[in-house]
Structure formats: structure tokens, C-alpha cells
Amino acid sequence: MDFPILGLMSDDACDQFLVDTLHPDGLGCPGCRRDDARSVHDRHRPPVFDYRCRHCGAVFNAYTGTPLQKTHRSPTQLVLILRGICQGTPTAQLARELGCDRKHLLTLRHRLQGLALQAAEHMGPVPGSTTEADEMFQNAGEKRHSAPGPR
């Protein structure tokens, strides 16, 4: 996954990136699945708005029904967390950089990595006919001759 750094320098840009990533077909009501009947319900933490579906009355936001549901982090923090996880940055380092609690960040990381693992299992083998392997440890642990005895 690529994270265009210059394009993600504001909360609005990060919010749009998350909405596009979480809802590739467009943001719609998680209850009735309609995307044409929503109106802004609450603006208490812009740019993340709560919407009310005019069809079924459900209240939702971009994170409802996703792994980021019930998170109170800003869109910028969420993008930085996702970027850090994809790059393999240790949780302790991410927590220090973002000024947040390591335990809560670790819980979020485990949840996201678990979902990524489930998605990878459903995708099957990686397509392609070329495979590369490192032969360095091919015979690791094997002994060819016994060690010489004491003299």
C-alpha cells in the first residue's frame, strides 16, 4: 500500500484517503446500503462527520462497520499508524512518535494485522510464475562429518 506523503499533509486529505480506502464503492449507510439518502447529523469532530440515513434513520460515519470503528484518533494519526504498520515500525516507536499509549496502539495493530491475515488467506496464492528463494540456509543444521575426537 502506498502512502503519498505530500498528498496527506492535512486532516481533510487523510480523511478522504481513509474514506476511499475503507469504502472503494463510496460511503453508504451500513444498515440499508443506500448511498444516496444521507445527511450530516453531527459535526463534532471535523473532518469526520456523523451522517443520518434518510431512508432507515441509522446514524453512521466513515468508520462504522470497519476495523477503525469506535476509534477516537484523528484521520492523520490513523494514516500514520497504518503507514507505520505497513512499514514494520515497532509499536513502541509509533507510540512515542504519536504521543499515545503503547497498549492501545498495540491492540489496534493486532486487530488490523489479524484482519489483513484473514484477507490474505482468502485471496489464495500470489499470482505469477516466477519465484525467488534464498539458498543461503538450505543445509542449515545438517552435519556432514562427525567432529574429530580429542587427541
Complete set of residues in the range 18-29 that are open to solvent by 40 Å² or more (accessible area, probe 1.4 Å) and closer than 20 Å to Ser74 by Cα | Asp20, Thr21, Leu22
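Evaluate the following for Ala95: is it under 17 Å from the mean Cα position of the chain (by Cα), hydrophobic (A, V, I, L, M, F, W, C) and either modelled with pLDDT under 80 or surrounded by 10 or more Cβ atoms within 10 Å (Cβ to Cβ) (or both)? Walk me through how you get there before you give the answer.
Values: under 17 Å from the mean Cα position of the chain (by Cα): yes; hydrophobic (A, V, I, L, M, F, W, C): yes; either modelled with pLDDT under 80 or surrounded by 10 or more Cβ atoms within 10 Å (Cβ to Cβ) (or both): yes.
Yes: the conditions hold for Ala95.
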Cys32: closer than 26 Å to Ala119 by Cβ and surrounded by 15 or more Cβ atoms within 10 Å (Cβ to Cβ), yes or no?
-> no
Among the residues of the range 98-125, which ones are open to solvent by 100 Å² or more (accessible area, probe 1.4 Å) and at pLDDT 90 or above?
-> Arg102, Lys103, His104, His110
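The values are calculated or read from the model by the stated rules, or taken from the named source; none is laboratory data. No experiment lies behind these values; they were computed from the predicted model shown. Cβ atoms come from the backbone with ideal geometry, glycine included; neighbour counts cover every protein chain shown. To get the accessible areas, we keep the full protein, side chains included, count just its heavy atoms, and leave off ligands, DNA and RNA. Shrake-Rupley method; radii C 1.70, N 1.55, O 1.52, S 1.80 Å.
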